[in-house]
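Participant: Next up is a structure, given as structure tokens.
Nothing in this text is a laboratory measurement; each read-out follows from the coordinates by a stated rule. What you are looking at is a predicted structure, and each value in this text was computed from that prediction instead of being measured. Using ideal geometry, Cβ is built from the backbone for each residue, glycine included, and neighbour counts are taken over all protein chains shown.
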Amino acid sequence: MLSVALFAQDSQLGYTDTPLIPGQNWKVHDSSRPHPAKIAARPVLSAPPADADVLFDGKDLSKWRMKSRSGETAPANWKVQDGYVEIVSPKGMRWNLITQAAYGDCQLHLEWLIPASETGKGQAGGNSGVELMSRYEIQVLESHENKTYADGQAASLYGQWPPMVNASSPKGQWNSYDIFFEAPRFDGEKLVKPGYVSVVHNGVLVHHRREILGPAAHRRNAPYKAHAAEEPLSLQDHGHPVRYRNIWIRRL
């Protein structure tokens with residue numbers, strides 16, 4: 001979750017001058033926050049059930065469009081080949097891939113890969129993200145060997161909660177996410193129920209109905225802002241050639 005300017009200034013291992021995360025003893029991107037233990041795991045290659053909306057079957061991006069940071073939209077043009085889609089936005093540009101349809105409570109499956117050629121460090125280590133309702137982010141990053149702040153590693157709720165364990169696959173190998181999401185509820189502009197999410201990374205539960213504290217943000221706490229009951233799913237363009245495949249979703 002970085003603008004181009006902030007990306008250039010990002011600290012590889014975290015910060016000491018950010019605010020406390022609400023309800024926690026850690027600051028946002030706290031450099032002293034312990035990292036989850038690394039465990040060996042394997043991705044779950046899951047076929048979509050009969051009632052799923054198949055968002056990407058390896059063939060085309062007809063269920064998607066592009067959206068820029070400034071809100072412009074355009075036809076989806078990330079590269080599709082060999083059954084996967086790869087982020088290929090022009091250098092210096094950031095165009096997220098967002099669904100044509102909107103979703104609220106859902107079960108989501110997808111698989112992602114950081115290319116073996118990735119050499120970046122910290123948040124430059126193959127960065128992307130799965131943005132539920134285009135705002136609540138599950139981080140995508142090379143975290144098998146690459147080190148960064150704990151609440152910004154792969155499978156973290158970005159800037160809020162690290163995963164319980166680090167189940168990341170090495171570069172050049174696929175990872176899977178199975179995400180179970182309860183959307184927040186609003187009464188007018190008032191939040192009446194926060195969002196909750198459970199995440200299974202490579203077959204391992206890493207978040208169990210974890211409370212979402214607000215939209216993802218870099219170096220700060222972002223408050224909830226009222227929005228529709230259903231919003232598009234977004235895959236974040238962070239300027240790295242991250243690959244995705246086998247994406248399907250079920251409304252709950």
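Participant: Within the chain, how many lysine pairs that are 8 or more places apart, or on different chains, have C-alpha atoms less than 13 Å apart?
Facilitator: Step by step, the pairs that qualify in the chain add up to 6.
Participant: Kirkwood Rh, Cα Rg: Rg to Rh for the chain? Before the final figure, lay out the partial values.
Facilitator: Working: Rg = 16.7 Å, Rh = 18.0 Å.
For the chain, the value is 0.93.
Participant: If you don't mind, another one. Exposure proxy check: Asp237, Asp17 ranked by fewest other beta carbons within 10 Å?
Facilitator: Values: Asp237 23, Asp17 9.
Result, fewest neighbours first: Asp17, Asp237.
Participant: Right, another one. Run the dipole for region 40-134 about the Cα centre, Lys and Arg Cβ at +1, Asp and Glu Cβ at -1, nothing else charged, and hand back the magnitude in debye, nearest 20.
Facilitator: Details: 10 positive and 11 negative charges, 90 e Å.
For region 40-134, the charge dipole is close to 440 debye.
Participant: Obtain the nm distance between the two label points defined at Val192 and Ser68 by a simple spin-label model: each point lies 7 Å from its Cα along the Cα-to-C-beta direction.
Facilitator: 3.9
Participant: No solvent, one uniform scatterer per C-alpha: report log10 I(q)/I(0) for region 123-169 via the Debye equation at q = 0.14, 0.23, 0.28 1/Å, two decimals.
Facilitator: For region 123-169, the Cα-only Debye profile gives -0.27, -0.72, -1.03.
Participant: Report, by chain and number, residues whose modeled amide H sits under 5 Å from the one on His29, excluding near sequence neighbours (fewer than 5 apart, same chain).
Facilitator: Hits under the 5 Å cutoff: Asp151.
Participant: Convert each backbone phi in region 168-177 into a coupling constant with the Karplus relation 6.51 cos²θ - 1.76 cosθ + 1.60 (shift: θ = phi - 60°), then list the ³J(HN,Hα) values in order as whole Hz, x for Gly and Pro.
Facilitator: Result, rounded to whole Hz: 5, 7, x, 3, x, 10, 7, 10, 10, 10.
Participant: Here is a further query. Would you calculate a helix-derived [θ] at 222 nm for the chain, using -39,500 (n - 2.57) for each DSSP H run of n ≥ 4 and dividing by the full residue count, to the nearest 500? Let's see the in-between values first.
Facilitator: Working: 1 runs with 6 residues, N = 252.
Computed ellipticity for the chain at 222 nm equals -500 deg cm²/dmol.
Participant: What ranking, highest mean first, results for peptides 113-119, 135-141 when packing means the other Cβ atoms within 10 Å averaged over each residue?
Facilitator: Numbers: 113-119: 16.9, 135-141: 25.1.
Answer by packing, highest mean first, reads 135-141, 113-119.
Participant: Once every Cα of region 81-222 carries one equal point scatterer and solvent is ignored, give the base-10 log of I(q)/I(0) from the Debye formula at q = 0.09 Å⁻¹, two decimals.
Facilitator: Values, matching the q order: -0.27.
Participant: Calculate, in nm to one decimal, what Asp82 and Tyr15 gain on full extension: separation in residues at 0.36 nm each, minus their alpha carbon distance.
Facilitator: Numbers: separation 67, 0.36 × 67 = 24.12 nm, distance 3.97 nm.
So the chain would gain 20.2 nm between Asp82 and Tyr15.
Participant: Name the long-range amide H neighbours of Gln173: under 5 Å, sequence gap of 5 or more, or other chain; modelled H, no Pro or chain starts.
Facilitator: Those qualifying (amide H under 5 Å, at least 5 residues apart or on another chain) are Ile114.
Participant: Continuing with this model, one more query. Taking other Cβ within 10 Å of each residue's Cβ, how do Glu131, Glu231 sort, fewest first? Write out the running numbers ahead of the final one.
Facilitator: Working: Glu131 23, Glu231 19.
Least to most surrounded, the residues fall as Glu231, Glu131.
Participant: List Tyr224, Tyr15 from most exposed to least, where exposure is judged by having the fewest other Cβ atoms within 10 Å.
Facilitator: Working: Tyr224 18, Tyr15 15.
Ranked by crowding around the Cβ, least crowded first: Tyr15, Tyr224.
Participant: Let me ask another. List the relative contact order of region 4-251 as a percent without decimals, with contacts defined as Cα pairs under 8 Å and 6+ residues apart.
Facilitator: Values: 643 pairs, mean separation 71.4, N = 248.
Once normalised by length, the contact order is 29 percent.
Participant: ³J(HN,Hα) across region 113-130 via Karplus (A = 6.51, B = -1.76, C = 1.60, θ = phi - 60°), whole Hz, x for Gly/Pro?
Facilitator: 9, 9, x, 4, 7, 5, 10, x, 10, x, 6, 8, x, x, 8, 7, x, 9
Participant: Sticking with the crude label model, points 7 Å out along Cα→Cβ, report the distance from Glu145 to Ser117 in nm, one decimal please.
Facilitator: 1.7
Participant: Between Gln123, His238, Ala41, whose Cα lies farthest towards the positive end of the dipole of the chain when Lys and Arg beta carbons carry +1 and Asp and Glu beta carbons carry -1, centred on the Cα centre?
Facilitator: In the chain, that residue is Gln123.
Participant: If R0 is 30 Å, what FRET efficiency do you get for Ser32 and Leu252 from their C-beta distance, rounded to 0.05?
Facilitator: Details: r = 37 Å, r/R0 = 1.24.
Between Ser32 and Leu252 the formula returns 0.20.
Participant: Another one. I need the Kirkwood Rh of region 197-252: take the reciprocal of the average 1/r across all distinct C-alpha pairs and report it in angstrom. Write out the running numbers ahead of the final one.
Facilitator: Details: mean 1/r = 0.0685 Å⁻¹.
Computed over Cα pairs of region 197-252, the Kirkwood hydrodynamic radius comes out at 14.6 Å.
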